[in-house]
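The values are calculated or read from the model by the stated rules, or taken from the named source; none is laboratory data. Worth saying up front: this structure is predicted, and the values here are computed from it rather than measured. Counting neighbours? That spans all protein chains shown, and the Cβs are built from the backbone with ideal geometry, glycine included.
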């Protein structure tokens, strides 16, 4: 009897350790966050940006340790004060320290973030940092796996040639966001998913740097890697069915990712 | 705060700025006399002007080197301290929502507020324009979503500094260059979005969406009503202009003969009109008709200019494409007085902006240009509460590879018989083109607005911190060193490469008409 109660108690302890007050799991908190940091509450009903009206939901927090931050913008925020928009007002006091899981809100003379959740800090922030990194790796794998699932064909190979797409393709897309379609001829080295009997295939890609196509992978002769290919219906392409595309940034991977892709493709 | 007040008599023609209006010296006493005297001297009559120019990139984004181009601007008429803007700026944290620029102090300082659905990690949204309702304090935006291709969302927020994402009012597929205007009438906001409807039957792509209220988004009106026999579509820029009486003008380019893309397109410049807020389920935008043949064709929409050559999809001025550039503005106190600007010309040697005026509600137009600006693009017109016309444009000067972009604001009280010219910015055409791979470093448009007597605007340009590039001064929020003319990262030490940034400006006249 006592052993059963003890097991239930230990189970609850584990749950408390991995879920914050909102009930979100550690994984969910990380997945929804862009900026994770250990911080100390310094002011209530306050804000660090003039564009924000201080309310009971806004607090100022000093960043003690950065656990995870977007590259280039906020990696060096230790020691600075930020505004946090609380999920639930009145749930913190000055001097309290938490690990805040947050997403973007406002950036100006300072930054303001929107709380996704918070947990009690672990004794060593490097442990939290490692756990966050593990979740990010898992999330990235899940996203790649989704692209792999949707792909009709996954091939590893080398770009043997690039050239402008045929005239009827290029003329079909008269737009200020003209993709400026080009073709990449892929010399196939291995097929990881799907079937193709030819040694080469042609991938249509936008050479344009227009905002609508900026993120789409561009290819150059001699480039090696793995392509996740699908045949998408693109407006203005009269012969789309003959062309494979790889328009998502996750649709092309350099050769060092081949083992990861083999592990995830099923 | 950078706040320059000076007499416009400082604007003199120089070899560097040959277009600057020649002016006589004008002292304060004479300027005061000019207020009560007919403008025998147009320069003195201009009185003093206060010019504010602000680089909008926030301090905490000092390390960025992106192409933050194609800006747009919204000033809250109910509280001009509240201003919002947009550019191709992604969410700095790579989140799901793209940012808008927000200012609560009249444009002196700016922050990014990430509340626009569909962030592209490199560009934020694709095309985006935004406006406030005139009395409601509600901000509206029309966007091409950053996470999709040619997908329109019309959005609103009651509090533009709130962390809550904007609410979606309308969602459509197959939309290019949505351009939003809004007005509040009897407590209700009316929102209009001009865009190119890529799904339109028979290629009559010029359309205006009428989401008159959140609950009842009406079907779009296709405003190019002439039968199309060629091109399969029109140009992407469709610009509405609203008068509080319910009169709505819209201007667009109608392609009549198309080249193989890219190339030069034969184009008519067309203005349509509706006099009842375009609320009618049928027959909207048919108030203007041409005379029957042979004087016209009897169809809705007046062709202000016909068979103009417009280069589309080709780099024409420096590193910049300039196809499909058009702007229209109506006098807020005279609904019949309307101004139109557009760009045409087959190549760099012939491309120019043209300004025309109608005093009878668009029925007839000045037969000649009021202004012709060679080698210029991104026209934007506005008329203030005193009937003064503002004309914003960006002009390429010099010879390659030493060409420069100049951003001008011209103002006139007499349909450009006389005008004053403020050069807000001039800098080399050396950044934003990504080693020649980006064809629109400045973007496809900028924005000029008039709120009461003041002109507000936004443009994108080379962000090198050089005082000589800003004849009327500038304020940077991001870290810079004007002595070394270097941009600095958030640490205020690491050098950052120059790029394209959005610049806000405000011009306030002291002159009374």
>> Of all residues being surrounded by fewer than 19 Cβ atoms within 10 Å (Cβ to Cβ) and assigned to a helix (DSSP H, G or I) in the range A:149-176, which is farthest from the other protein chains (Cβ to nearest Cβ)? Just the residue, please.
In response: A:149
> Which fully enclosed strands (runs of 3 or more DSSP E) of the range B:83-126 have 1 or more residues being at the interface with chain A (Cβ under 7 Å from one of its Cβ atoms)?
Replying inline: B:97-103, B:111-117
>> Can you confirm whether residue B:278 is in a strand (DSSP E or B) and more than 14 Å from every other protein chain (Cβ to nearest Cβ)?
In response: no
>> Looking at A:232, A:183 in this structure, which one is away from every other protein chain (no Cβ under 14 Å) and either modelled with pLDDT under 85 or more than 23 Å from the chain's Cα centre (by Cα) (or both)?
In response: A:183
>> Would you confirm whether or not the range B:383-391 contains a residue that is surrounded by 17 or more Cβ atoms within 10 Å (Cβ to Cβ), in contact (Cβ under 8 Å) with a residue 40 or more places away in the chain and within 14 Å of chain A (Cβ to nearest Cβ)?
In response: no
>> Need pairs with beta-carbon distance below 6 Å; first residue facing another protein chain (nearest Cβ under 9 Å) and within the range B:153-173, second modelled with pLDDT under 95 and in a loop (DSSP other than H, G, I, E, B); sequence gap 6+ or separate chains.
In response: none
>> Checking residue B:400 against (1) in contact with a strand residue (DSSP E or B) (Cβ under 6 Å, 6 or more places away or on another chain); (2) over 14 Å from residue B:335 (Cα atoms): exactly one of these is not met. Which one?
In response: (1)
>> Of the conditions (1) touching a residue at least 60 places away in the same chain (Cβ under 8 Å); (2) in contact with a helix residue (DSSP H, G or I) (Cβ under 8 Å, 6 or more places away or on another chain), residue B:110 satisfies every one except a single condition; which number is it?
In response: (2)
> Can you name every residue in the range A:39-55 that is more than 14 Å from chain B (Cβ to nearest Cβ) and either part of a strand (DSSP E or B) or out of contact with any strand residue (DSSP E or B) (no Cβ under 8 Å at 6 or more places or on another chain) (or both)?
Replying inline: A:39, A:40, A:41, A:42, A:43
>> Yes or no: the range B:127-138 includes at least one residue that is touching a strand residue (DSSP E or B) at 6+ places or on another chain (Cβ under 8 Å), closer than 24 Å to residue A:113 by Cβ, outside any loop (DSSP other than H, G, I, E, B) and modelled with pLDDT of 95 or more.
In response: yes
>> Quick check on my filter: what residues within the range A:89-108 are touching a residue at least 60 places away in the same chain (Cβ under 8 Å), more than 16 Å from residue B:114 (Cβ to Cβ) and within 14 Å of chain B (Cβ to nearest Cβ)?
In response: A:100, A:101
